[in-house]
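Undergrad: Quick one: the structure is below, and I'll ask about it shortly.
The values are calculated or read from the model by the stated rules, or taken from the named source; none is laboratory data. The structure displayed is predicted, hence computed values, not measured ones. Glycine also receives a Cβ, built like all others from the backbone with ideal geometry; neighbour counts cover every protein chain displayed. Surface areas here come from the heavy atoms of the whole protein model, side chains and all, with no ligands, DNA or RNA. Shrake-Rupley method; radii C 1.70, N 1.55, O 1.52, S 1.80 Å.
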Amino acid sequence: LRANFSVIQKETGFVNGLITVLHDITEQEKIDEERREFVANVSHELRTPLTTMRSYLEALADGAWKDESIAPSFLNVTQNETERMIRLVNDLLQLSKMDSKDYRLTKGWVNFTKFFNHIIDRFEMTITEHITFSRDIPSDSIFVDIDEDKITQVLYNIISNAIKYSPEGGQITFGVKQEIEEIVISISDQGVGIPKNNLNKVFERFYRVDKARARNLGGTGLGLAIAKEMVLAHEGEIWAESREGKGTTIFFTLPCEQEQEDEWS
Ligand code: ADP
């Protein structure tokens, strides 16, 4: 809240009034501040790979291209940085689409247990790390009205993190629980964990617990922010529970109708 005071003074110097105007500027100021911070973050995130690429390209142009023992690895760095920028720009476009007023979900009825198992199968087939998967998913069908592409992305972002932050030989557990009006999906890992006071912050744009480490793992810092927007668009909730050094569980909910059979009785 900001107060503006105006003194009403006559030519004689005699003060005969005082006007106080109170504005609720906090909300607008917060939005402006967030926008400034976002632009600064985006610029920084793009500048880092660009300056790295510039120095490697300079070294190559200065003659490193002739040295077969270093040229391939220098080119590899520039390739990785390019990939990172593409991921970042794609994530930014995704967020900006969701920020626009006419953002719509394309919903349809999906058997969630089948859909979830299918996504886990895909990860299981391609994973190169020594990580085991364990599923705590009911065998019955649970139908939810969702935008399949968006929820695929939510799961993709959460599962990629679970893999990235898992130790060698770690286990990732996938859970689905049916509650009265929603299903609760959980993805647990046995990784580094997230400090307690950062648990909510990980869903903010560009927030990372350990910047250098997250960058090395190829993250953009937008994965969970995107997941959050998408879950909220489905009227679900998303949160994290974690114990440092022990592991992290990301939960999210999706509304579902309680008894599907009711429709037929
Ligand atoms: P990033 O691209 O950096 O992974 P995210 O938005 O996906 O960005 O995650 C934000 C931050 O949250 C990560 O940088 C990391 O610090 C933390 N984080 C996310 N998932 C996990 C996890 N499963 N275990 C530990 N830390 C995590």
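Undergrad: Name the residue, out of 216, 198, that is at pLDDT below 95 and either open to solvent by less than 70 Å² (accessible area, probe 1.4 Å) or within 8 Å of the ligand (Cβ to nearest atom) (or both).
TA: 198
Undergrad: Take the stretch 106-129 and flag every residue that is open to solvent by less than 50 Å² (accessible area, probe 1.4 Å) and under 22 Å from residue 233 (Cα atoms).
TA: Selection gives 108, 110, 111, 112, 113, 115, 116, 119.
Undergrad: Would it be correct to say that residue 184 is more than 9 Å from the ligand (Cβ to nearest atom), open to solvent by less than 20 Å² (accessible area, probe 1.4 Å) and more than 24 Å from residue 87 (Cβ to Cβ)?
TA: Against the criterion (more than 9 Å from the ligand (Cβ to nearest atom), open to solvent by less than 20 Å² (accessible area, probe 1.4 Å) and more than 24 Å from residue 87 (Cβ to Cβ)), residue 184 does not qualify.
Undergrad: While we're looking at this one, here's another question. Take the residues of the stretch 157-177 that are more than 9 Å from the ligand (Cβ to nearest atom), open to solvent by 20 Å² or more (accessible area, probe 1.4 Å) and not small (Gly, Ala, Ser): which is nearest to residue 137 (Cα to Cα)?
TA: Out of the qualifying residues, it is 177.
Undergrad: Is it fair to say residue 35 is surrounded by fewer than 12 Cβ atoms within 10 Å (Cβ to Cβ), among the charged types (D, E, K, R) and closer than 21 Å to residue 207 by Cβ?
TA: In short, yes.
Undergrad: When the residues of the stretch 220-235 are narrowed to those that are under 8 Å from the mean Cα position of the chain (by Cα) and open to solvent by 10 Å² or more (accessible area, probe 1.4 Å), which ends up farthest from the ligand (Cβ to nearest atom)?
TA: Step by step, filter the stretch 220-235, then rank; the result is 228.
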